Amino acid sequence: MRTPLIAGNWKMNTDGKSAAALAKAVAAGAARFGRAEVAVCPPFVYLPEVGAALAGSPVGLGAQNMYHEPSGAFTGEVSAAMLLDAGCRYVILGHSERRQFFGESDAVVNRKVLAALKTPLTPIVCVGELLAQREAGQTSDVVRSQLAGSLAGLSEEQIRRVVVAYEPVWAIGTGKVATVDEAEAVHLDLRKTLESRYNAGVAAVVRILYGGSVKADNASQLLSAPNIDGALVGGASLKAEDFLSIVDAAR
């Protein structure tokens, strides 16, 4: 059975004091986790404060992005080794906002995934379609293409370490959310794609999260679907009790 993962993506929010306080509040709710795995991904500059606040708790620390090179003259970038040094266990790669606002292609995401997998980091690799693509009936083609491109060249051993997150772009920060049937259909399609590219064993173990306006009041329904293995949570992860309510739904 796949262990549920609930990861909070804080995006470009919080300050040092509020980030540490939020992390402490999430860690204080650890008794509610059950068998769920929990992580928070603050802005780069607050990784030390959040890591210190999480010390001794089961909450994992994650980053929102990284660069594919290990070091060098890449002003403003952060490497996998730096994230590990900061205490990270996870890194989000290929988020739709990175693709949309910063022009990251599947090939760029793929380089980052391969670099992360050279380290102990667990990459959370995002795929998802635009509203126009969904309305044109292109959802399956888009997410399959993104999955294939972002995970190109991964061995069976490597793919087993990856977490996939399906985030329909039209549902991120909009208050809109895919219905359970819509989300489950895409998750099942992604799992079948993994099976066709690898085998049934891989498809059975790779976790596929849902992201896109996940909140306490819709989490139970979404997480009850057989192929939805957790959530990548945006806005609702900025309030500890809201985030923990989603963790409750994953238990």
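Report whether or not ARG191 is touching a helix residue (DSSP H, G or I) at 6+ places or on another chain (Cβ under 8 Å) and either at pLDDT 95 or above or not in a helix (DSSP H, G or I) (or both). Here the answer is yes, as ARG191 does meet what is asked. With the requirement that a residue be assigned to a loop (DSSP other than H, G, I, E, B), charged (D, E, K, R) and within 20 Å of the chain's Cα centre (by Cα), what does the range 13-58 give you? ARG35, the sole residue that qualifies. Beta carbons closer than 7 Å, at least 6 apart along the sequence or on distinct chains, pair a first residue in the range 193-211 that is under 29 Å from ILE172 (Cα atoms) and without any contact (Cβ under 8 Å) to a residue 12 or more places away in the chain with a second that is small (Gly, Ala, Ser) and buried (at least 19 other Cβ atoms within 10 Å of the Cβ) for GLU195/ALA203. When ALA148, ALA116, ALA132 are screened for being modelled with pLDDT under 95 and farther than 18 Å from ASP181 by Cα, only ALA132 passes.
A single member of LEU84, LEU61 is over 27 Å from HIS187 (Cβ atoms) and not in a loop (DSSP other than H, G, I, E, B), and it is LEU84. The condition of being touching a Leu at 6+ places or on another chain (Cβ under 9 Å) and either buried (at least 23 other Cβ atoms within 10 Å of the Cβ) or in contact (Cβ under 8 Å) with a residue 12 or more places away in the chain (or both) holds for only one of ALA81, ALA52, ALA20, ALA36, that being ALA36. Per the listing ALA55, ALA21, ALA28, ALA36, the residue uniquely on the phi < 0 side of the Ramachandran plot and touching a Pro at 6+ places or on another chain (Cβ under 9 Å) is ALA36.
Being modelled with pLDDT of 95 or more, within 26 Å of SER237 (Cβ to Cβ) and within 18 Å of the chain's Cα centre (by Cα) narrows it down to one of VAL214, VAL143, so name that one. Before you say what the answer is, go through the steps one by one.
Values: VAL214 fails: modelled with pLDDT of 95 or more.
None of the others qualify; the one that does is VAL143.
Checking each residue in the range 149-183 for being closer than 20 Å to ASP217 by Cβ, assigned to a helix (DSSP H, G or I), out of contact with any Leu (no Cβ under 8 Å at 6 or more places or on another chain) and touching a residue at least 40 places away in the same chain (Cβ under 8 Å) picks out only ALA171.
Checked against (1) in contact (Cβ under 8 Å) with a residue 40 or more places away in the chain; (2) surrounded by 16 or more Cβ atoms within 10 Å (Cβ to Cβ); (3) of a type in the set (D, E, K, R), ARG134 passes all but condition (1).
The single condition from (1) out of contact with any Lys or Arg (no Cβ under 8 Å at 6 or more places or on another chain); (2) polar (S, T, N, Q); (3) under 28 Å from ALA25 (Cβ atoms) that SER213 fails is (1).
The values are calculated or read from the model by the stated rules, or taken from the named source; none is laboratory data. Source: prediction; values computed, not measured. Cβ atoms come from the backbone with ideal geometry, glycine included; neighbour counts cover every protein chain shown.
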